[in-house]
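Reading through the structure tokens given below for one structure.
The values are calculated or read from the model by the stated rules, or taken from the named source; none is laboratory data. Here the structure is a predicted model, which is why all the values come from computation and not from measurement. Heads up, the Cβs are rebuilt from the backbone with ideal geometry, glycines too, and the neighbour counts pull from every protein chain shown. Just so you know, the surface numbers come from the protein's heavy atoms only, side chains and all, with ligands and any DNA or RNA stripped out. Shrake-Rupley method; radii C 1.70, N 1.55, O 1.52, S 1.80 Å.
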Amino acid sequence: MERPITLGEFIVENQKDFPYAKGELTALLSSIKLAGKMVNQKINKAGLAQILGKVGTENIQGETQAKLDILANDIFISTLKNRGEICGLASEELEDYISFEDDINKEAKYVVLMDPLDGSSNIDVDITVGTIFSIYHRISPEGTKVTEEDFLQPGKNQVAAGYLIYGTSTILVYTTGNGVNGFTFDPGIGSFFLSHPDIKFPKEGSIYSVNEGNYIHFPKGIKKLIKWMQELDKKERRPYTARYTGSLVADFHRNMLMGGIYLYPQGSTSPKGKLRLLYECNPMAFLTEQAGGKASDGEKRILDIQPSELHERAPFICGNSEIVEIAEKFIRENKED
Ligand code: P6P
């Protein structure tokens, strides 16, 4: 029986996707694959290895860091640095970006932005978490120190983006702008195998993912959208089904496979929403568009937003284009001054 190809074989087979790279992006994606295996192993035995729970320190977001957050951050930084393909890295867990100035990395072409363990508040209750990554070609000259400009690029400049989802199985999903493909990890062999080729949002969706506990704080247009999704209209598959895990990667992955919309709107307590533009919204927006969906902040395309700071937040709506456009219509028609 023909076996599915491995992630490594797929990357080599699709080398043509990276016209200007001479294997650097291939090596970089392979280092992400290695770090993902190492984090996966830590997560799977977290309860036993006493690495559950909060470590007490706070990250730049003022969120208490769980031990696995820090472990995952350290694993990705060291693994990507050792492969020598990135000149800089920014992480949700670090206040500022890191500039790799050793000889091999200083000449590297790429910078990586990441959320090493998204949804980490779910770790202690054994709910799916994930790693999100976003890759850009540097703007500053090779051989020089990275600058903030290398990181503050609009999402449309991404050369690759993806996530690892540590769920009932561990899957690596990524795009280089030529579609979206998913690879499931086989721990018995230690390799990722192509399991979700050319992922596309189903034509119709009927799942919505939003933290309705924030309903009172939502703008009028979002409140009207949520009520609309809950009305009975069999022809339009309404009422939609509510599914929300508190892990962006888990909610996004399910909605991309089954069809639906994820929303983290702005609210009176969070004027720009909660999700970070650079290492949550942009990579998920790149994947969304490559899978035939749409990603906006309610008014404009996420990938067109020019970032002004590393940890800036943005309201985030992504999923089936049809439903995202309905959401944008409700927002447009119920603008509040
Ligand atoms: P809330 C996790 O902290 C995260 O960034 C996303 O993974 C998740 O979708 C969202 O925040 C959950 O936020 O406010 O609903 O708990």
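Brief remarks on what is shown
- Test for D304: is it surrounded by 19 or more Cβ atoms within 10 Å (Cβ to Cβ) and more than 15 Å from the ligand (Cβ to nearest atom): no
- Take the conditions (1) open to solvent by 20 Å² or more (accessible area, probe 1.4 Å); (2) of a type in the set (D, E, K, R); (3) more than 13 Å from N40 (Cβ to Cβ); D150 misses just one of them, which is (1).
- Residues in region 57-100 that are part of a strand (DSSP E or B) and among the β-branched types (V, I, T): T57, T64, I86, I98.
- Exactly one residue out of E280, E336 is in contact with a helix residue (DSSP H, G or I) (Cβ under 7 Å, 6 or more places away or on another chain) and either under 27 Å from G167 (Cα atoms) or within 14 Å of the ligand (Cβ to nearest atom) (or both), and it is E280.
- Residues of region 204-220 satisfying the condition of being touching a residue at least 60 places away in the same chain (Cβ under 8 Å) and open to solvent by 20 Å² or more (accessible area, probe 1.4 Å): E204, P219, K220
- Residues (within 16 Å of V146 (Cβ to Cβ) and either of a type in the set (F, W, Y) or surrounded by fewer than 24 Cβ atoms within 10 Å (Cβ to Cβ) (or both)) located in region 58-85: I77, K81, G84
- Residue tally, condition within 13 Å of the ligand (Cβ to nearest atom) and assigned to a helix (DSSP H, G or I), over region 248-266: 8
- Residue satisfying all of: in region 234-247; open to solvent by 40 Å² or more (accessible area, probe 1.4 Å) and more than 16 Å from the ligand (Cβ to nearest atom); nearest to S121 (Cα to Cα) among these: T241
- All conditions in (1) in contact with a strand residue (DSSP E or B) (Cβ under 8 Å, 6 or more places away or on another chain); (2) modelled with pLDDT of 90 or more hold for E24, with the sole exception of (2).
- Conditions (1) within 16 Å of the ligand (Cβ to nearest atom); (2) of a type outside the set (S, T, Y); (3) more than 25 Å from L275 (Cβ to Cβ); number of the one not met by I222: (3)
- Some residue of region 129-138 being at pLDDT below 95, over 26 Å from E63 (Cβ atoms) and open to solvent by less than 40 Å² (accessible area, probe 1.4 Å): no
- A count restricted to region 160-201 and to residues that are surrounded by fewer than 20 Cβ atoms within 10 Å (Cβ to Cβ), of a type outside the set (K, R) and not in a strand (DSSP E or B) stands at 13.
- Of the residues screened, D118 is one that is charged (D, E, K, R) and either at positive phi or within 19 Å of the chain's Cα centre (by Cα) (or both).
- Qualifying residue in region 317-337 (condition: under 18 Å from the mean Cα position of the chain (by Cα) and either open to solvent by 50 Å² or more (accessible area, probe 1.4 Å) or of a type in the set (F, W, Y) (or both)): no
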